[in-house]
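Student: A single structure is presented below for examination.
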Amino acid sequence: MGRRENAIDWTVPARAELASFLRARKKAVNLTHEQIADRANGTPSKATLRRATSGVTVPLWGTVATFVEVTTTKEEEFIESVKAPLARALELWIRARRATRAPYYIHKAPDPTLIWDAADFSRALRAQHVWAGCPTPGEMERMAGPGELPSSTTRRIINGSTLPVDPQQALAFLKACYVTAPSDHDLWLAAALRAFLNTPSLSVKNFKTWTQAHDKLLTQLHVIHEGTSQSPSLLRIAA
């Protein structure tokens, strides 16, 4: 039997809520930290798992994901899925990172439909980065995949000194900030096009590429109306 756990540190409530969620899963399957570590082949270690449930620190996402997967309940085994608890864990983890990493507090995710010009677009991307818990440029580069989002470029976007050079880079940035739904990508690409059109001083050499990327996404979402004479992207911009 494992030693008695200390009380969760509630100094940072968001961090404590993540720890409480993990402890509840541990209790539900009646496993010790040592047993969880053994089932995970020692990675993460028992000490790392204990810290993850202490509320004193925000663990790495890999630690949280492994913890959730190893503590699969009988109900989750029955439906052969831990998708829901993993989604809840990710939500709590992002909140904890936001509470401990963000340089300023924001109450909700940015709304891309409110973006009007390039300055708005830049601010919204930076706000989305904060809302995602301020992942580092290196973390974002790894999440996006090789060559998709160089950390040097990411750093400049976060600093507000540049914008994504093309729609692929913009989507890679958003995905690295946990914006993954195609419907959300639709709103962000439409916002980018609107921002470029409303910023005369900004020269966008590959504007057509952005338009094509948005149209392709709209096609995938099955929202292009038959018989429309205008570009669907321009229709969305004007909406």
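Student: If the Cβ limit is 7 Å and pairs must be 6+ apart or interchain, which residue in region 3-14 that is touching a residue at least 12 places away in the same chain (Cβ under 8 Å) and under 21 Å from residue 47 (Cβ atoms) pairs with which residue that is part of a loop (DSSP other than H, G, I, E, B) and open to solvent by 90 Å² or more (accessible area, probe 1.4 Å)?
Tutor: Note: no pairs meet the criteria.
Student: Could you grab me the full set of residues in region 185-197 that are open to solvent by 50 Å² or more (accessible area, probe 1.4 Å) and either assigned to a loop (DSSP other than H, G, I, E, B) or within 13 Å of residue 124 (Cα to Cα) (or both)?
Tutor: The answer is 187, and nothing else.
Student: Going by the structure shown, is residue 107 touching a Cys at 6+ places or on another chain (Cβ under 8 Å) and of a type outside the set (Gly, Ala, Ser)?
Tutor: It is false that residue 107 is touching a Cys at 6+ places or on another chain (Cβ under 8 Å) and of a type outside the set (Gly, Ala, Ser).
Student: Okay, moving on. Within region 146-166, how many residues turn out to be in a helix (DSSP H, G or I) and either small (Gly, Ala, Ser) or open to solvent by 30 Å² or more (accessible area, probe 1.4 Å) (or both)?
Tutor: Qualifying residue count, region 146-166: 6.
Student: Here's another thing I want to ask about it. Can you name the residue in region 7-23 that is small (Gly, Ala, Ser) and closer than 24 Å to residue 101 by Cβ and is also surrounded by the fewest Cβ atoms within 10 Å (Cβ to Cβ) among such residues?
Tutor: First, the residues of region 7-23 that are small (Gly, Ala, Ser): 7, 14, 16, 19-20.
From what's left, closer than 24 Å to residue 101 by Cβ: 14, 16, 19-20.
Details: 14: 18, 16: 19, 19: 25, 20: 15.
Out of the qualifying residues, it is 20.
Student: Which count do you get for residues in region 24-46 that are of a type outside the set (A, V, I, L, M, F, W, C), buried (at least 18 other Cβ atoms within 10 Å of the Cβ) and assigned to a helix (DSSP H, G or I)?
Tutor: Residues that pass the stated criteria total 3.
Student: Is there a residue in region 52-65 that is more than 28 Å from residue 186 (Cβ to Cβ), out of contact with any strand residue (DSSP E or B) (no Cβ under 6 Å at 6 or more places or on another chain), open to solvent by 90 Å² or more (accessible area, probe 1.4 Å) and not in a loop (DSSP other than H, G, I, E, B)?
Tutor: Looking through region 52-65, none of the residues is more than 28 Å from residue 186 (Cβ to Cβ), out of contact with any strand residue (DSSP E or B) (no Cβ under 6 Å at 6 or more places or on another chain), open to solvent by 90 Å² or more (accessible area, probe 1.4 Å) and not in a loop (DSSP other than H, G, I, E, B).
Student: Continuing with the same structure: Tally up the residues in region 198-214 that are surrounded by fewer than 17 Cβ atoms within 10 Å (Cβ to Cβ) and in a helix (DSSP H, G or I), please.
Tutor: So the answer is 4.
The values are calculated or read from the model by the stated rules, or taken from the named source; none is laboratory data. Not measured: the values here are computed from a predicted model. Reconstructed Cβ throughout: ideal geometry from the backbone, glycine too, with neighbour counts over all protein chains shown. Accessible surface is based on the protein model in full, side chains and every heavy atom, while ligands, DNA and RNA are left aside. Shrake-Rupley method; radii C 1.70, N 1.55, O 1.52, S 1.80 Å.
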